[in-house]
There are 4 protein chains.
Amino acid sequence: MTITARPADRLLDAVRGGAQIYDLGRLLTIGMPQSPNHPPFWLSMPRRHGDGVRADGGSAANDLLVMGTHVGTHVDALAHVSHEGRLYGGADAADAQVGGRFADLGVHTVAPMLRRGVLLDVPAVLGEDCPPGYEITPADLDAAVRRQGTPVGPGDVALVRSGWGRLFDHEDRTRYVGFESGVPGVSTAGAQWLAAREVHAAGADTIAFERLRPGEGHASLPAHRVLIVEHGVYLVEAMALDELARDEVYEFTFIMAPLPIFGATGSPVRPLAVVARG
Amino acid sequence: MTITARPADRLLDAVRGGAQIYDLGRLLTIGMPQSPNHPPFWLSMPRRHGDGVRADGGSAANDLLVMGTHVGTHVDALAHVSHEGRLYGGADAADAQVGGRFADLGVHTVAPMLRRGVLLDVPAVLGEDCPPGYEITPADLDAAVRRQGTPVGPGDVALVRSGWGRLFDHEDRTRYVGFESGVPGVSTAGAQWLAAREVHAAGADTIAFERLRPGEGHASLPAHRVLIVEHGVYLVEAMALDELARDEVYEFTFIMAPLPIFGATGSPVRPLAVVARG
Amino acid sequence: MTITARPADRLLDAVRGGAQIYDLGRLLTIGMPQSPNHPPFWLSMPRRHGDGVRADGGSAANDLLVMGTHVGTHVDALAHVSHEGRLYGGADAADAQVGGRFADLGVHTVAPMLRRGVLLDVPAVLGEDCPPGYEITPADLDAAVRRQGTPVGPGDVALVRSGWGRLFDHEDRTRYVGFESGVPGVSTAGAQWLAAREVHAAGADTIAFERLRPGEGHASLPAHRVLIVEHGVYLVEAMALDELARDEVYEFTFIMAPLPIFGATGSPVRPLAVVARG
Amino acid sequence: MTITARPADRLLDAVRGGAQIYDLGRLLTIGMPQSPNHPPFWLSMPRRHGDGVRADGGSAANDLLVMGTHVGTHVDALAHVSHEGRLYGGADAADAQVGGRFADLGVHTVAPMLRRGVLLDVPAVLGEDCPPGYEITPADLDAAVRRQGTPVGPGDVALVRSGWGRLFDHEDRTRYVGFESGVPGVSTAGAQWLAAREVHAAGADTIAFERLRPGEGHASLPAHRVLIVEHGVYLVEAMALDELARDEVYEFTFIMAPLPIFGATGSPVRPLAVVARG
């Protein structure tokens, strides 16, 4: 009845050999910058220690969490965006959402990711952080690949760094949102560059992944259309990418497990980049 | 300026060689079984496709999420439980919670986990699923280790399977909660067994990790005291462990990244068990 | 510049002469009985006294409130119910709800009520509380009017008491909801009786105003159709009517001011019945 | 068995004779101005018409409501504010809040109000709306009483109009909050003036009832201390008072029924001012 021969596990061996984990998720705090389109993050403790102490001296504190699914570092499910009434794959958006949840393209259908990840460090190419409203072009992406020696291929997760993430903790919470200033990122051409490489997911250090023009907010989101609706590429937003850039970690194992919220359009996530060199 | 020599990454090589991912998180759905001590999971779409179509034909749907942090598959932060007014490490619980968040032991302090995991399949030892209210003993845990050939050691994540998880999707949502029937799990002695092996975290396929006596609910939670308060071991509850048991996967890479909710006592999670053999 | 001649105010004179207020609203508490169709009531204090004390010694505590709008004592706006895709007045329900709020028939359009109210005390006619699932008939309503000497007329608010309200505080929270047992109330004929009298609103001491058949829950709600969709009569549910019956107060000034939640389908309320005799 | 002699009801007679209702509550809308200290108002429809149509053709839409209890027009319960650890009446604030609700001074203990109300129209005295940060003095209040001919007395509800309410619907939502500019209102002396007249409650057309100095926000709230902690006077904030002033309605029946949220520190309300002259 005893099981004896345990096969070697290459992954576990690698982990045991020592792996460095980069945390790409932002702290979730009340008042953090987020789009006014989404319900704000809020947290409260219904029960604190001492509210109800059990006979054995034990006490438990707990929380009530309220938030949109597109606040903090989060992933967009394919159900999040439609174009002319159609979702990725051609489904009718109005039909798909009957009942108030997306059974087919909701975030619960996003498989956990354990994939090759590539950071595309655009500021390292430009020699400075991307200016507000700057459109990251295919030429910029090509230059980043060349500089880093890390081509992007099918199934990869590509993280486009603009440098805008430095504003996430700015005391003026509107700075990161960037409605007035605009926000840097890829637009149609950059999205097509990513789609052509058949990435599985793409991420950025900004609130909406793509370039926002000054004063226009989310009035037009062509990269969402190209990547989500046309190519079924998941988008990850509000990522913390500065440590990867600082350490010049351009290729890594990308790990992300969205919460399986049945039928939802997105999920908060805490993505990881892991390296195990030695 | 070009970076050329990319060092080999053992982890990434293992991932590319093919890895099987077991999803240990439960679907988050309205009406799923949960403890009445915690705010119920609820989800709603403020915006559906068609509510506001942009000039370019695009439309976005989003969500409002309300939930306790101890519902669905979730991790308990060390701040969750106190004993006689003290948290793990001896901090005064009343002082630690001033401001409504735990700056020191909140769930944002739980580092992402990429560790050896071990499933302890108790039903395989007993020859049947653990009965309601059954206390899993050190002898049961020893027997599982012997049967599987997988000792538990320092830094590991130990997942104790009782078989109770089969009730998670039962149409009577009170069955899984098990107030009347009791729920199987370790109690003081089993918790000490785990603590003695210096596990980093422990999980179970039940709602409160530990054994609940029939009709008593959460009136006494000694395993929480031993593991969380006395030894600083994180607990993961309401896990889906049946697929691991079915496939006789007893050792694996355990991956879990709790949401970094600043100051909270817990977080919903989607833990993974990964194997890369062959 | 001084204004001198203040006209007499009959209402204020009546109030000053002494008025007795009956509180027809239920306490809102965590765990109170409510329909599983609606988001549960939950409350938590983000800030308690002592969390942040100002330099002057002051401190403020506050709350986070989460709830459906059809929990506790509440009013149904006309937007709440549709029949074959049409709302009261014939508007297309699908069109009316675009944007996620009902600009036209939302609860913000319910004017505050200061009207004649009539209690129809059916148990006083039957000689006992209405049995579970009992249909209150036009004959019952006629008998109540005769017994009390209080005809119901245009613009009145009619409150139909079944006696079921005694279960609101029952320790088994499912009793009041009454899915298995059924719940007493008017059905189609009783609703037509009310509509024929051109009442402005109607209320009851039950969770869904109308009779629910045993084991059927909300599978069919003909009185909602008749009153809300066909006649534009507001419904008030889960009222506390026992004190009025005890004191044999059958006619009164009914006062209710729903929260003006823009576009919502209902609102929690605290209705009052006031008498000023003497 | 028939009841015949119905006594005359002076209140009901007054209502039937024709009463004019002034609605003093603000519309509750997503994005309305509110203090960042409190959880934002948010609303979403979990179920829309068509999501689930019953066999008989009926369909119901509903809502999920999330909000602080001090947003929109709202009343402060006595539990809301403490001074040096004491609540009104001397109770220890820390003790009173154990369990996360105030059993004694929570908003459920605020009796419905049906009382004489007086508007104190300060802009009519000043000849202009109160400037930002203006302190309304006892002399201003005396002048308003003289001008209007409406003394304030024991048990009354006094509503202090500053004119600031005109900013509630300003497209810049920060204007009404007034952190930078300051907000007009009474301060210590004005609060003492009200307390000396033994008012039951006091209200204003501003977000915090009392004067806020420019750039200081809620750093010091002496009028809250005087009225709530020292004298047990309820405060009503963010009221709509302009229509009363426009119509020169200075004395009226004030009606307000806070939601009986067990243990909460406040409640959204829709207060009414009613006149029945003629």
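For the reader, a short list of remarks on this structure follows.
- Residue match in region B:146-154 (condition: in a loop (DSSP other than H, G, I, E, B) and more than 30 Å from residue A:274 (Cα to Cα)): no
- Candidates A:172, A:121, A:129, A:140, filtered to the one that is of a type in the set (Asp, Glu) and within 17 Å of the chain's Cα centre (by Cα): A:121
- Number of the exception - residue C:125 against (1) surrounded by fewer than 18 Cβ atoms within 10 Å (Cβ to Cβ); (2) out of contact with any strand residue (DSSP E or B) (no Cβ under 9 Å at 6 or more places or on another chain); (3) among the β-branched types (Val, Ile, Thr): (1)
- Residue in region B:172-181 that is touching a residue at least 40 places away in the same chain (Cβ under 8 Å) and either touching a strand residue (DSSP E or B) at 6+ places or on another chain (Cβ under 7 Å) or of a type in the set (Asp, Glu) (or both) present: yes
- Residue B:268 being closer than 17 Å to residue B:115 by Cα, within 14 Å of chain A (Cβ to nearest Cβ) and touching a strand residue (DSSP E or B) at 6+ places or on another chain (Cβ under 7 Å): no
- If the condition is being open to solvent by 10 Å² or more (accessible area, probe 1.4 Å) and assigned to a helix (DSSP H, G or I), then region B:170-193 contributes B:174, B:175, B:177, B:188, B:189, B:192, B:193.
- Of all the listed residues (B:98, B:71, B:75), the sole one being in contact (Cβ under 8 Å) with a residue 24 or more places away in the chain, assigned to a loop (DSSP other than H, G, I, E, B), more than 7 Å from chain A (Cβ to nearest Cβ) and under 23 Å from residue A:54 (Cα atoms) is B:71.
- Restricting attention to region C:78-95, the residues being within 21 Å of the chain's Cα centre (by Cα) and either more than 27 Å from residue C:179 (Cβ to Cβ) or part of a helix (DSSP H, G or I) (or both) number 5.
- Sole residue being over 17 Å from the mean Cα position of the chain (by Cα) and of a type in the set (A, V, I, L, M, F, W, C), chosen from C:183, C:157, C:152: C:152
- Matching entry among C:236, C:274 (being assigned to a strand (DSSP E or B), open to solvent by less than 10 Å² (accessible area, probe 1.4 Å) and under 22 Å from residue C:102 (Cβ atoms)): C:236
Residues checked against (1) touching a helix residue (DSSP H, G or I) at 6+ places or on another chain (Cβ under 7 Å); (2) within 26 Å of residue C:104 (Cα to Cα):
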site: D:18; (1), (2): no, no
site: D:22; (1), (2): yes, yes
site: D:30; (1), (2): no, yes
site: D:47; (1), (2): no, yes
site: D:63; (1), (2): no, yes
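- Qualifying residue in region A:215-230 (condition: assigned to a strand (DSSP E or B) and either touching a residue at least 40 places away in the same chain (Cβ under 8 Å) or at the interface with another protein chain (Cβ under 7 Å from one of its Cβ atoms) (or both)): no
- Residue-level analysis places residue D:257 among those that are of a type in the set (A, V, I, L, M), open to solvent by 20 Å² or more (accessible area, probe 1.4 Å) and facing chain C (nearest Cβ under 8 Å).
- Taken over region A:205-226, the criterion of being open to solvent by 10 Å² or more (accessible area, probe 1.4 Å) and of a type in the set (Ser, Thr, Tyr) is satisfied by A:220 alone.
For every residue, the table says whether it meets (1) open to solvent by less than 20 Å² (accessible area, probe 1.4 Å); (2) of a type in the set (A, V, I, L, M, F, W, C); (3) modelled with pLDDT of 95 or more; (4) in contact with an Asp or Glu (Cβ under 7 Å, 6 or more places away or on another chain).
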| site | (1), (2), (3), (4) |
| --- | --- |
| A:118 | yes, yes, yes, yes |
| A:129 | no, no, yes, no |
| A:137 | no, no, yes, no |
| A:147 | no, no, yes, no |
| A:150 | yes, no, yes, yes |
| A:159 | yes, yes, yes, no |
| A:164 | yes, yes, yes, yes |
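- Residue among C:85, C:90, C:106 that alone is under 27 Å from residue B:53 (Cα atoms), of a type outside the set (Val, Ile, Thr), touching a Ser or Thr at 6+ places or on another chain (Cβ under 9 Å) and without any contact (Cβ under 8 Å) to a residue 40 or more places away in the chain: C:85
- Taken together, A:201, A:196 contain a single residue that is modelled with pLDDT of 95 or more, more than 13 Å from chain B (Cβ to nearest Cβ) and open to solvent by 20 Å² or more (accessible area, probe 1.4 Å), which is A:196.
- For region A:154-162, the criterion of being within 30 Å of residue A:87 (Cα to Cα), touching a residue at least 60 places away in the same chain (Cβ under 8 Å), touching a strand residue (DSSP E or B) at 6+ places or on another chain (Cβ under 7 Å) and aliphatic (A, V, I, L, M) is met by at least one residue.
- Some residue of region B:12-32 being within 23 Å of residue C:32 (Cβ to Cβ), more than 7 Å from chain A (Cβ to nearest Cβ), modelled with pLDDT of 95 or more and in a strand (DSSP E or B): no
- Qualifying residues in region C:33-63 (those that are touching a residue at least 24 places away in the same chain (Cβ under 8 Å) and of a type in the set (S, T, N, Q)) - the one nearest to the other protein chains (Cβ to nearest Cβ): C:37
- Residues within region D:239-254 that are open to solvent by less than 10 Å² (accessible area, probe 1.4 Å) and without any contact (Cβ under 8 Å) to a residue 12 or more places away in the chain, tallied: 0
- Residue within region A:262-269 that is touching a Pro at 6+ places or on another chain (Cβ under 8 Å), closer than 30 Å to residue B:169 by Cα, open to solvent by less than 30 Å² (accessible area, probe 1.4 Å) and assigned to a loop (DSSP other than H, G, I, E, B) present: yes
- Applying the criterion of being under 21 Å from residue D:261 (Cβ atoms) and either open to solvent by 40 Å² or more (accessible area, probe 1.4 Å) or not hydrophobic (A, V, I, L, M, F, W, C) (or both) to the residues of region D:83-93, the residue that is nearest to the other protein chains (Cβ to nearest Cβ) is D:91.
The values are calculated or read from the model by the stated rules, or taken from the named source; none is laboratory data. All values reported here derive from a predicted model rather than from experimental measurement. Positions of Cβ are generated from backbone atoms using ideal geometry, with glycine treated the same way; all protein chains shown enter the neighbour counts. All accessible areas refer to the heavy atoms of the entire protein, side chains included, with ligands and DNA or RNA removed. Shrake-Rupley method; radii C 1.70, N 1.55, O 1.52, S 1.80 Å.
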